[in-house]
Amino acid sequence: MNYPYAMEDFSQIVTNWFVSLRNPFINYIHKALPVLGLDEIEDIYSETFIAIRKNLLEGNVASGTKWKAYIFQIGYNMAVNKAKQSSRYVQVKEMTSNDDIDATDRFETYLSLQEVMEEEDNETKSQRLSILEREIKYLPEPCETILKDYYYGGFSMAEIMSEIHYQSTDSVKSMKNRCMNKLRERIKLALGLLN
Amino acid sequence: MNNYKDNIDMFDAYLNGTMSNTDRSVFESQLKADANLSQEFSIHKELIAGLQQAGTNADHEFENALKHLSDQEMETITERISIRNKIIPQGRVVPLRKVYSWVAVAAAVVMIAGAGGYQYHQIQTRNRLCDAIFTAGFNPDMTLTRSGDQGDSEAYSEAINRLKHGETVDAISALEKLYSEANDEMRIEYGTSLAYAYVKAHDLDKAWETINSVKSISQQLYGETPLELESLIQAMSGQNLK
């Protein structure tokens, strides 16, 4: 199969992921397992990337895997093992809160692209989605992280809070709503629906 | 007239299936009766679809790239990045064993360099946090697009490019000039970039001064703080950068 990428593109794509997830990963694991030192978490992060690639090449990764969530889960498991091995494992903090009942499959039961735009032709759908994707990229951080994590990645508010270093889930929720409002304004502007 | 932002929690609860049966029935009746609400709900679903599409595309791209990397390339990526400068989160809990070794190191530092050593370490840590906040939060593409939307000057684009390429002092001079000469509306945009530039220059006093000034203007004009500025405030407050 031919892919529209050169080898250096593959390397760049993985590098971008590795760099962009590094700090959120460290914040996330550090919040859950403060007994681990930052250097140890750094090592776990590198080992996680090696491990997920091995799993992929060996066919142990399900189709349609959400990679950020997968990386965080594998890394979390490795971090727990490391803490247990060194007898520093006391109690893992649960990254959940009351407002996140079932974050894993959030929205998927009720929502699909077909349902959302079933009355539109394929070209219109494709154009609108392309505009949406572009506008999502132009959102200021932490908007892209919060919105993708919540609406796509299945992360809980508590998990996102750890990732972006906010002080409460209410702050994250409030920012999420502001980010959605911002995205809506940008989309309406891009589609010529706002004056 | 419906305010979209105020309805987001309700929309999400409905789509998540976390609404009670009674609330669900009420909401569905409202959707049928209120065309504005129904339209806002459609837009909300479309935004989520876009976010999911963007997430799926990024995942496919990453999976494909990961499959095609050699062991050596993978090792190079993980090793090269790992040795770059490391960030120390605020409020870190240090294991007891490490405390003892830190105490020993600290004692040696005190003997050698006196109190200045500790102060130097604090400054270094603060500077690293500033760099991390700037890198994570400043989006030059977003800034330039917005300024393009509003027909802003070339001087602003030039200043942002300078900031992007590490010419921080020149960028600050240009942004300070633009900020001092602009009307209130444009001061919000210039001021937000200027605040980021001060963070990049590790000048927290001026960063906060600018943040507070821009926040005040924005509150007066629009009754809220711009999102880009709010992100910066949250990041700086979260790291106790006063």
Just to check I understand the Karplus step: with θ = phi - 60° and J = 6.51 cos²θ - 1.76 cosθ + 1.60, what whole-Hz values come out for region B:51-58, glycine and proline as x?
5, 5, 5, 4, x, 5, 4, 5
Kirkwood Rh and Cα-based Rg: tell me the resulting Rg over Rh for region B:4-68, rounded to two decimals.
1.19
Using 0.36 nm per residue of separation minus the Cα-Cα distance, give me the extension gain between residue B:38 and residue B:158 in nm, one decimal.
38.8 nm
Which sequence of A:40, A:163, B:79 reflects their accessible areas, 1.4 Å probe, from the largest down?
B:79, A:40, A:163
In the neighborhood of residue A:72, defined by Cβ-to-Cβ distances under 9 Å, what is the net charge if each Lys or Arg adds +1 and each Asp or Glu adds -1?
-1
The farthest towards the positive end of the charge dipole of region B:133-238, of the residues B:178, B:231, B:133, given +1 on Cβ of Lys and Arg and -1 on Cβ of Asp and Glu, is B:133
Rounded to a whole number, the mean other protein chain Cβ count within 10 angstrom for residues of A:32-39 is 3
Which lysines have a Cα less than 19 Å from the Cα of residue A:125, not counting those fewer than 8 places away in the same chain?
A:137, A:188, B:45
Shielding of A:68-77 by other chains, given as the mean Cβ count within 10 Å, works out to 1
About its Cα centre, how strong a charge dipole does region B:4-68 have in debye, to the nearest 20, once Lys and Arg get +1 and Asp and Glu get -1 at the Cβ?
120 debye
By its C-alpha gyration tensor, with a ≥ b ≥ c as the square roots of the eigenvalues, how is region B:133-238 shaped: rounded for a/c under 1.5, else prolate for a/b larger than b/c, else oblate?
rounded
Return the residues of region A:168-191 for which accessible area with all protein chains present is lower than in the chain on its own by 30 Å² or more; set the probe to 1.4 Å and exclude ligands, DNA and RNA.
A:175, A:177, A:178, A:180, A:181, A:182, A:184, A:186, A:188
How much accessible surface does residue A:39 have with a 1.4 Å probe, in Å² rounded to 10?
80 Å²
Lysines within cross-link reach of residue B:215: Cα-Cα under 18 Å, excluding same-chain residues under 8 positions apart?
A:182, B:206, B:242
For region B:133-238 the mean separation of alpha carbon contacts under 8 Å (6+ apart) over residue count, i.e. relative contact order in percent, is 23 percent
Applied in sequence order to region A:39-53, the curve 6.51 cos²θ - 1.76 cosθ + 1.60 (Karplus, θ = phi - 60°) yields integer Hz couplings, x standing for Gly and Pro, of 5, 5, 5, 4, 5, 4, 4, 4, 4, 4, 5, 4, 5, 5, 5
3J(HN,Hα) from dihedral phi, region A:12-17, Karplus parametrisation 6.51/-1.76/1.60, rounded to Hz, x for glycine, proline
5, 4, 5, 4, 4, 5
Interface burial for B against A (accessible surface, 1.4 Å probe, total of both chains, Å², rounded to 100):
7300 Å²
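The values are calculated or read from the model by the stated rules, or taken from the named source; none is laboratory data. None of these values were measured; they are calculated from a predicted model. Quick reminder, even Gly has a Cβ in these numbers, built from the backbone with ideal geometry, and neighbours come from all protein chains shown. With ligands, DNA and RNA removed, areas are computed over all heavy atoms of the protein, side chains included. Shrake-Rupley method; radii C 1.70, N 1.55, O 1.52, S 1.80 Å.
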